[in-house]
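The values are calculated or read from the model by the stated rules, or taken from the named source; none is laboratory data. Here the structure is a predicted model, which is why all the values come from computation and not from measurement. Neighbour counts are summed over all protein chains in view; Cβ atoms, including those assigned to glycine, are modelled from backbone coordinates with ideal geometry. The accessibility values were calculated without ligands, DNA or RNA, using every heavy atom of the protein model including side chains. Shrake-Rupley method; radii C 1.70, N 1.55, O 1.52, S 1.80 Å.
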Amino acid sequence: GGTIDITSGEDGIQAETNLIVNGGNITLSTGGGSKNSSTKEGWGNWGPNMDKNTQTSSDDTETEESAKGIKASQSIEINGGTLNIDSSDDSIHSNGTIKIKDGDIDAKSGDDGIHADESLQIDGGDINITKSYEGLESENITINDGKINVVASDDGINISGGSDNSSQNREGANPFESTGDGKLTINGGQIVVDADGDGLDANGSIEMNDGLVIVNGPTSGGDGS
């Protein structure tokens, strides 16, 4: 609970293992905000002209510097509360898993809106990502309920791996191991995507059992809704 307002040059809130948000009002601005994108040429994760070799990889969270909004090495759980994040790097990032059960999330990111190396599960809440390179990204994503709005300059929802390496080769990317067998499962909820790249991108499989998905875009050749 309570009110937390943080402006930081690097990570806003960082947990060595697990991070749980049950409530409260949290406002974070990291690395100068989303205008200082980690995907922008000449920018590191927290400012201009930094050494690109110091950017965070998923295996080096404890030792490398980054400017993510909320970050944990193992897991993140969001069960409620209000989060407003303006980050130059990922707004919410886990090297393991993320579970969102409820809460209001507004995020502007210079990289991914919400990124989990292993799995992302959304059971509810109101998620509004108004700026990102990729909105939601993980090896496996399950959406059971909730209201999700994503604006992305590349893919709206991305299941990483396989042959699509555009997101891994870019400036400020999140390098992580992928089997290429990832899956996007949609069991419910309302998802609205405005993407310059693919709306829903899986280098594996997509299964939709219920819910509503609206995709605006893409604008680039070779991509699809």
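What the table shows:
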| read-out | value |
| --- | --- |
| Residue 146 being open to solvent by less than 10 Å² (accessible area, probe 1.4 Å) and either on the phi < 0 side of the Ramachandran plot or more than 11 Å from the chain's Cα centre (by Cα) (or both) | no |
| Hits in segment 133-143 - residues which are surrounded by 24 or more Cβ atoms within 10 Å (Cβ to Cβ), among the acidic types (Asp, Glu) and part of a strand (DSSP E or B) | 137 |
| All positions within segment 6-25 that are among the aliphatic types (A, V, I, L, M), surrounded by fewer than 18 Cβ atoms within 10 Å (Cβ to Cβ) and touching a residue at least 40 places away in the same chain (Cβ under 8 Å) | 15, 20 |
| Boolean, residue 148 is modelled with pLDDT of 95 or more and in contact with a Lys or Arg (Cβ under 9 Å, 6 or more places away or on another chain) | no |
| Residue 197 modelled with pLDDT under 95 and open to solvent by less than 10 Å² (accessible area, probe 1.4 Å) | yes |
